[in-house]
Structures are given as C-alpha cells and as structure tokens.
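Participant: Sharing a structure below in structure tokens format, with a few things to ask.
The values are calculated or read from the model by the stated rules, or taken from the named source; none is laboratory data. As the structure is a computational prediction, the values presented were derived from the model and not from experiment. Ideal geometry is used to build each Cβ from the backbone, glycine not excepted, and the neighbour counts take in all protein chains shown. Keep in mind that these areas ignore ligands, DNA and RNA; they rest on the heavy atoms of the full protein, side chains included. Shrake-Rupley method; radii C 1.70, N 1.55, O 1.52, S 1.80 Å.
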Amino acid sequence: MAEKITKREIDYSKWYLDIIKVAELAEHSDVKGCMVIKPYGFAIWEKIKDQLDKMFKETGHQNAYFPIFVPKSLFEAEEKNAEGFAKECAVVTHHRLMNDPENPGKLMVDPNAKLEEELVVRPTSEAIIWSTYKKWIQSYRDLPILINQWANVVRWEMRTRLFLRTAEFLWQEGHTAHATKAEAIAETEQMNGIYAKFAEEFMAMPVFQGLKTESERFAGADETYCIEAMMQDGKALQAGTSHFLGQNFAKAFDVKFADKEGKQDYVWATSWGVSTRLMGALIMTHSDDLGLVLPPALAPIHVAIVPIYKGDDQLEEIKSKLGPIISELRSNGVAVKFDDDDNKRPGWKFAEYEAKGVPVRLAIGPRDLENGKIEIARRDTQEKNVIDLSDCVKEVSRLLEEIQTNLYQKALDFREKNIQMIDSYEEFKSKIENGGFFLAHWDGTAETEELVKKETKATIRCIPFEGDKEEGVCMVTGKPSKQRVIFAKAY
RNA sequence: CGGGGUGUAGCGUAGCCCGGUUAUCGCGCGUCGUUUGGGACGACGAGGUCGCAGGUUCGAAUCCUGCCACCCCGACCA
C-alpha cells in the first residue's frame, strides 16, 4: 500500500482528508484556508456544474457574470446582509505595489495608491447585482429577470476544511427579480426543488427539503429554503439554499417598476446557490475505507479498463478485441478509460481506480482472451464477475444504472437508521452525542433554539416539508408546537 | 481570537534535548534490465538557501531572540 487511508471508525475527519488526498481531488494551497482543486476533483465539479447548468437553463435561466469587487457603499446598502457578512470580508484598499526602498528585491504596498473607496471581495453578489438590476428594471415588461452566475466568492472563515468550508470557493448564485411576491416565492421553491432533485438523482444523496428558522436564515432574506443531507458520521450538511429575499434588496437599491396600472412598486427577489461544498457532500455520503465512491451520474470516468499482458503482441490483441466494445460504450455515452500505461502494473491500477471511485472496472488478460471472457468489477459492492465478452456492453450499462440506484438506496437506508422521533429533552441530550437526526417538537422561539445549541451543539437544520404535521409540545419548554423540526449537529 | 503542533529534497521523515567530518531513511523521480491476473524487483544516478532574519560561537539544522507560514482543536460560521 503506497497510500494509507485512515478508517472511518478510527478518525472520521482524518478519513475525509485522506480520501481527498488519495483520490487526488484537492490539496491545501500556500494561502491559508484556500485549496487547489486538482484535475480529477475539478472534473467531478464540472460534471456537477454541467448538470446543474442544464437544469437552470431548462427552467428559463441565463448565465451572466458580475464583478468580483463590490464598492463598500453598495455592499453596506442592505443592512442585514452587510452586517451578516461584514466579519468575514476580504477588502481591497490599494491598487498598486512598489519596490521597497528598504528591502531590495521586495515589494510593498504603495501608500500613494490607496483607493478612495474600499472594494469588498464578494462574499455573495446580491449587492453588486441589485445595483445593476436597478438600471435594467423600469416596467413589469422587464420582469422577470432570471440570471445565474458561476463564480468564486471569498469568505474569510476562521476555520476551514477542504471543500466543506474554504476561504475561497466556487459556486453558482442565481439572482432573480419578479413582479409579484407569489412569483418570487414560486421561484424560490422551484430552485430548492431543483437542488433536491439534483442531489437525489445525480449525487444519489437523499435530502430533506425545508425552511430555515429565523436565526439560521440568510442575512437579508425573508425566508430561506434548504436541502439538508446526512453524512456518514450522522452530522448534517447544508447542501444548498434558496432564499426568498422579499423586497429587501429592491428597497435597499431602490429598484421599482411600473405595473400594468402604472403604479410603482418594489421588485421581489430571490437568490439561490450551491457550492463546491457539494464535493464534500459527495465524498462523505458514499465513500468507504478503500477510497472515493462516485455515483455514475457524476463520475468523470465510468469504466476503467485494465489490460493485462506480456509484450506488445498481447497488448495489440487486447486492443483489437476491445476496440469495437470501447467504441460502442462511448457511443452509448459511457466515459471509458483504457489504461495501457506500461509504467504501472495491473495491481497498482486496480487500487488507483478504486481510490478514485470509478464505478466499474474491466480487466482482461490472456486467460480471458482465450475464453472470450472479461472480468467486470463494481466499486460500490466490490463484487467481481467474469462475463462473456459479448455481454460486456450490456452488462456495463446495467451495472452503471444499478450502482446509481444502489448508492442512493444505501444512503437512504443509512439515513432512516439514524433518524428518530424524540420527545424527551433529556433523552435528546444523551443521544445527540452520537450524531443522527432527531425529529422533535419546538416552540418556535429563538431562545429555545439557542439553549439547545448551547447545551448540545445541535441546531435546527430545517423545518421539513415532508412528514406528518401533527401538533405537539416543545421537548424543551412544553409549549405548543405545530410540527416536528429536524435537530442535528451540523458541519 | 484562545489553546496545541509543525516547518529538513516533490512527499513523508531521522538528527535538535547534549553544537563538531560529506545531513538519515523510505516513497517518488531519471537511465538500463528483468517484470506485468491486487499498489514488482535489481543496478546505477540526480535532487538540500535544514521556513525567514538577526544573535551567541573557532564552528549552528541543533542554543538564544524576533518574525513568517501552514495544520489540528475550540470559539465563530449565510
């Protein structure tokens, strides 16, 4: 074993970092809290991005791009938003460096190049976008505006973890403008639904959809919708959010429109985003102690083919046998990697593709050639079979589908096993230590929420849409509650 | 921001307490050969401002001072 992976049960956090390392997804950069996303990791992100982008476009959105810098005066316009993000903003104050007269060969900030107005490196783009929308919107005929951007943002976090929370991260942020409240709410819900669909169908990751409580809400939003997923250690990960922003930004940036009657009104807004954090979710949902496990829908390589041969003659024979099969697979949309790198031996390749989570592996050597067979192995269950070469294409397609379904089912079963209804706060306090989701009644107050957080470190992940809406009494205060909410410790 | 840790070749490390030839070992890298069904082996070879800056000393990776960077734990976290 060239590279060891710490077992999950020994140190989950170390395991997570080891997976990222052995699968070559990312590494720490020389900048605190920032990461380098390596080609294989980025290939997965591109798959995520391409699929989401398609889904956004199918629902009428267009991509655009807004600047990374936000003048401070714009940034502070929406008070709550500004306040919420102020503590973690990188700020540009100068625009030039100069040679340091005291230290030859060194540079210093040119004191004469101080900016008149500081520029905030966007932690999110509502401000710059709404200041732009003001110019674009005069009439109801200009609405709705349905725009998304793929961008990087910076949040100067105290404590970072690869993919889950980095100082700079990649994401998409949708920013829409509507004539009516109902339409904006429908948009918010639609996009949260798209996130849920993407999580479940492509990431094979079950999620709960719901609303955030007021204290967990996005700064500047009237309502925050979210998808919440359970990781293998029983902790919750907020995987995506969709915000109904009301008229807060329209008021802050004075964006009004004339309706059909010629009456002026403020525009209704939404914003919604998912980030490279999804990579973390993907890793922690499916991977095992051997490495990454990827759902076929997002795997950059679906099938790795490892030829086993002595000498060029055998390799040529394998190539000519597999040529048509590879072409057929590819024309079926299967991403095939035929690995005839002579510098690596088969055993090395097996381990490598396992670590990288490639869903299906084919191996073929002289023994198989003689019998017209090929070995097929699936990553999720580690099963290996020898099948007829003629069944190969069919079997690969079948397996890819089965793996996708199986991964989802496995994750769903895990979640079911680790979620429970609970009515006693005492019981909750002891059980929450081991992770898992808890459906409990809550009196709806921020005070109770805060108390639970203080005493157990668990938070209300969301007020879920699904499930019974039976009334009850708060597990902490005994006051009335309209429905159960999800408590969990979160990333 | 508090606590802890680390910094020596691309990576991981030994040496540091107790200063002294040419800075240790493994992986990786290069050449050649043998290999190839679960992370091959041999031979030869290349690769170092010992984080940075001062200081002490005949002599510093090692001792002292200052600085920087990153990691881990905590607080914080839409």
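Participant: Using θ = phi - 60° and the Karplus form 6.51 cos²θ - 1.76 cosθ + 1.60, what ³J(HN,Hα) does each residue of the range A:95-102 get, whole Hz, x for Gly and Pro?
Facilitator: The phi angles translate into 10, 7, 10, 8, 5, 7, x, 7 Hz.
Participant: Okay, moving on. How big is Rg to Rh over the range A:145-211, alpha-carbon atoms, Rh as the Kirkwood inverse-mean-distance radius? Show your work: numbers first, answer last.
Facilitator: On the way: Rg = 14.8 Å, Rh = 14.2 Å.
Here the Rg-to-Rh quotient is 1.04.
Participant: If you average the sequence gap of Cα pairs under 8 Å that are 6 or more apart and divide by the length of the range A:238-282, what percent do you get for the contact order?
Facilitator: Details: 55 pairs, mean separation 21.1, N = 45.
It comes to 47 percent, rounded to a whole number.
Participant: Taking every DSSP beta bridge with both residues inside the range A:419-488, roughly what % is antiparallel (nearest 5)?
Facilitator: The answer is about 75 percent antiparallel.
Participant: Using a simple charge model, +1 on the beta-carbon of Lys and Arg, -1 on the beta-carbon of Asp and Glu, nothing else, what dipole does the range A:419-488 show about its Cα centre, in debye to the nearest 20?
Facilitator: Roughly 180 debye for the range A:419-488.
Participant: I'd like the Kirkwood hydrodynamic radius of the range A:35-95, using the inverse of the mean 1/r over distinct C-alpha pairs, in Å.
Facilitator: By the Kirkwood definition, the hydrodynamic radius is 15.1 Å.
Participant: Moving on to the next point. Where does each of A:422-432, A:274-284, A:183-193 land if you order them by average Cβ count within 10 Å, highest first?
Facilitator: Order by mean packing, descending: A:274-284, A:183-193, A:422-432.
Participant: Now for a separate question. Where does each of A:34-41, A:22-29 land if you order them by average Cβ count within 10 Å, highest first?
Facilitator: Values: A:34-41: 17.0, A:22-29: 18.9.
In descending order of packing, they fall as A:22-29, A:34-41.
Participant: Another one. Calculated FRET efficiency, residue A:103 and residue A:371, Cβ-Cβ r, R0 56 Å, to nearest 0.05?
Facilitator: Efficiency computed from Cβ-Cβ geometry: 0.20.
Participant: For the range A:329-421, which GluC sites (Glu not before Pro) pass both filters: DSSP loop (anything but H, G, I, E, B) and at most 10 other C-beta atoms within 10 Å? Write down the numbers at each step before the final one.
Facilitator: Values: sites: A:352, A:354, A:370, A:375, A:383, A:395, A:401, A:402, A:416; in loops: A:383.
Passing both the DSSP loop test and the Cβ count: A:383.
Participant: Of the DSSP beta bridges with both residues in chain A, give the percent that are antiparallel, rounding to the nearest 5.
Facilitator: On the way: 72 of 87 bridges.
Here the share of antiparallel DSSP bridges comes out near 85 percent.
Participant: Same structure again: For the range A:212-352, what number results from the quotient of the Cα radius of gyration and 2.2 N^0.38 Å?
Facilitator: That ratio works out to 1.79.
Participant: Subtract the Cα-Cα distance of residue A:183 and residue A:430 from 0.36 nm times their separation in residues, and report this length gain in nm to one decimal.
Facilitator: 84.5 nm
Participant: Dividing the Cα radius of gyration by the Kirkwood radius, what Rg/Rh value follows for the range A:315-367?
Facilitator: The Rg/Rh ratio comes out at 0.96.
Participant: Could you work out the pair-distance distribution P(r) of the range A:19-121 from its alpha-carbon pairs, with 10 angstrom bin width and percents rounded to whole numbers?
Facilitator: Result, from short to long distances: 12, 21, 30, 28, 9, 1 percent.
Participant: Under Stokes-Einstein, with the Kirkwood radius over Cα pairs standing in for Rh, what whole-number D in µm²/s applies to the range A:419-488 at 20 °C and 1.002 mPa s?
Facilitator: Here the translational diffusion coefficient equals 183 µm²/s.
Participant: Averaged over every viewing direction, what's the projected area of the C-alpha convex hull for chain A? Give it in nm², one decimal, please.
Facilitator: Approximately 29.8 nm², given one-decimal rounding.
Participant: Using a 1.4 Å probe on the protein heavy atoms, what percent of the accessible area of chain A belongs to carbon and sulfur? Show your work: numbers first, answer last.
Facilitator: Working: 11600 of 23420 Å².
Here it works out to 50 percent.
Participant: Taking 0.36 nm per residue of separation and subtracting the Cα-Cα distance, what length does fully extending residue A:332 through residue A:312 add?
Facilitator: 4.3 nm
Participant: Using 0.36 nm times the number of residues separating residue A:259 and residue A:482, minus their current alpha carbon distance, what extension gain do you get?
Facilitator: 76.5 nm
Participant: Further question: For the range A:303-399, with every protein chain kept in place, what is the accessible area per residue (1.4 Å probe, Å²)? The partial results should precede the final answer.
Facilitator: Numbers: 4980 Å² over 97 residues.
Dividing the accessible area of the range A:303-399 by its residue count gives 51 Å².
Participant: Moving on to the next point. Per residue, what accessible area does the range A:403-491 have, given a 1.4 Å probe and all protein chains present, in Å²? Provide the component values of the computation, followed by the final result.
Facilitator: Working: 4740 Å² over 89 residues.
Computed with neighbouring chains in place, this is 53 Å² per residue.
Participant: Mean separation of Cα pairs under 8 Å and 6+ residues apart, divided by the residue count of the range A:419-488: what relative contact order is that in percent?
Facilitator: Rounded, it is 40 percent for the range A:419-488.
Participant: Right, here's the next one. Mind giving me the nanometre distance, one decimal, between the label points for residue A:340 and residue A:50, set 7 Å out from Cα along Cα→Cβ?
Facilitator: Those two pseudo-labels are separated by 2.5 nm.
Participant: Now for a different question. What shape does the range A:303-399 take by its C-alpha gyration tensor, where a ≥ b ≥ c are the square roots of the eigenvalues and a/c under 1.5 counts as rounded, a/b above b/c as prolate, and the rest as oblate?
Facilitator: Taking the square roots of the gyration eigenvalues as a ≥ b ≥ c, the range A:303-399 is rounded.
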